[in-house]
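In what follows, a structure is listed as structure tokens, so that the remarks can point back to it.
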Amino acid sequence: MKITGHTTAHVFRHYFAAMSAITTMDTQSFRWARRSWLPQRTTRPSNSPTGFERWDAGPDRLRYCRPLHGSAVILVCLVALLLMRGVASADGLSLPPGKGPVEVSVGVFLADLSGVAERSETFNADLYLSVRWRDVRLAFAGAEPKRFLEEAAVEQLEQMWWPHIEFVNTASPQLTNRALDISPDGSVRYELGLTGDFRADLDLRRFPFDRQTLAVRIQSFIWTDDEMVFVPDPTRIGFNPQSTFEGLSVIGVTTEVARRQLTGWTAAESYSELAALIGVERRAGFYVWTVFTPVILIFLISCTVFIVPFEEFSNRISISLTALLACVATQFAMSFTLPQIPYLTVIDWSFVITYACIALGVLVSTMQATLLRDPPDRAERINRLAGFGLPVLFLLLIALCVIL
């Protein structure tokens, strides 16, 4: 980058000469530094005013320059330092040169899915992220890339342009490893390992026979999509199939890029967003043995009311109420693992079916004891029909609830 025909390196060279003159209070050295900054002077003519020096300059430029006082010299140099620092920052931190938005290639590897909390709708994951882009301003002569690790990588990123990635759906990810490689052609690869709790939008209608898509969303904190866009790197996307979380099994990792606007923030700016989508499938065996099997057994036990003579109505009601309370206790225990959602899951439907069938058994017993007790043979036929048909209806409804 140039300032009035001088490169940044040229500016710094003469700035340090001026600062050296100031620290040693060498007026002659400072005049040399000042002359090297401005066009070459000619010899002072005899008719020039005393204390002034004549300079070769155009008619629209300064013609005479009076030697500066010491404090003024220091002030001028400080202003020059601030100017040059701004120039150096703009030169390194601005967008890489080129047409169109800068393409940033991103790869994601899922090292471990260590937990999913359905109640809070979050998941914990260990990830490796690979971010690559090219900045020709970083090119250098040589064959080996420059490598920066951990804090050195952070310090190097502060001195150059980078995408300023931000994880949208987590509060504070913990970075475990960082590495920055700069190749001789200006290609940059930034790799980091992180672990964190990410928010998820879970659809639990099929719980516990559900499949979920867990997303890790990445945006740039600074650059809009007309300045920088994310591009998936298909060669660096994968997962470790040996996850430590037994409740879900990972079935795949994919990526997608979308354009996002900040609703209510600004209508003019939008950002490129890359989402790493982790496909998981729930292992339902735990819930089959701890929820469905006890509920089915409780209902079948409640069907023993049809073995008790219908004349003993109070005993029948006691059995039905006991089964009902057992189902309520089981559902209450399950409610601590699920979020407060406005729809019913498969487990919720199984409890609703159980309640309905127990209530239907109580209704049949009540009708037998009141309206259908005479003649006794008719009440007996209804008793046998209900004792066989109600369990079959219950099992059929549970099967349809699981399949559909």
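Suppose the filter is buried (at least 16 other Cβ atoms within 10 Å of the Cβ), modelled with pLDDT of 95 or more and not in a helix (DSSP H, G or I); does Val106 pass it?
Judged against the criteria, Val106 is a match.
In this structure, is Cys303 under 28 Å from Asp203 (Cα atoms) and part of a helix (DSSP H, G or I)?
no
Within segment 158-168, identify whether any single residue is within 21 Å of Ala117 (Cα to Cα), at pLDDT 90 or above and in the same structural domain as Asp135 (by TED's automatic domain parsing), and answer yes or no.
Within segment 158-168, one or more residues are within 21 Å of Ala117 (Cα to Cα), at pLDDT 90 or above and in the same structural domain as Asp135 (by TED's automatic domain parsing).
I'd like the residue in segment 310-344 that is more than 20 Å from Ile358 (Cβ to Cβ) and not in a helix (DSSP H, G or I) and, out of all such residues, is farthest from the chain's Cα centre (by Cα).
Glu311
Identify all residues within segment 133-184 that are among the aromatic types (Phe, Trp, Tyr), over 22 Å from Val231 (Cα atoms) and assigned to a loop (DSSP other than H, G, I, E, B); write none if there are none.
Phe140
Given the criterion more than 30 Å from Thr337 (Cβ to Cβ) and either in contact with a Ser or Thr (Cβ under 8 Å, 6 or more places away or on another chain) or of a type in the set (A, V, I, L, M) (or both), identify the matching residue among Leu262, Leu300, Leu248, Leu277.
Matching residue, one of Leu262, Leu300, Leu248, Leu277: Leu262.
Regarding Phe394, is this residue within 20 Å of Asp348 (Cα to Cα) and assigned to a helix (DSSP H, G or I)?
The answer is yes for Phe394.
Before we move on, is Ile218 assigned by TED's automatic domain parsing to the domain that holds Glu273, of a type in the set (A, V, I, L, M) and farther than 25 Å from Tyr271 by Cα?
Here the answer is no, as Ile218 does not meet what is asked.
Collect the residues in segment 130-187 that are farther than 27 Å from Val216 by Cα and in contact with a Ser or Thr (Cβ under 7 Å, 6 or more places away or on another chain), keeping them in residue-number order.
Pro145
Considering only segment 383-401, how many residues are in contact with a helix residue (DSSP H, G or I) (Cβ under 8 Å, 6 or more places away or on another chain) and surrounded by fewer than 16 Cβ atoms within 10 Å (Cβ to Cβ)?
Matching residues across segment 383-401 total 3.
The values are calculated or read from the model by the stated rules, or taken from the named source; none is laboratory data. Predicted model only: the values in this text are computed from it and were never measured. Note: ideal-geometry Cβ built from the backbone for every residue, glycine included; neighbour counts use all protein chains shown.
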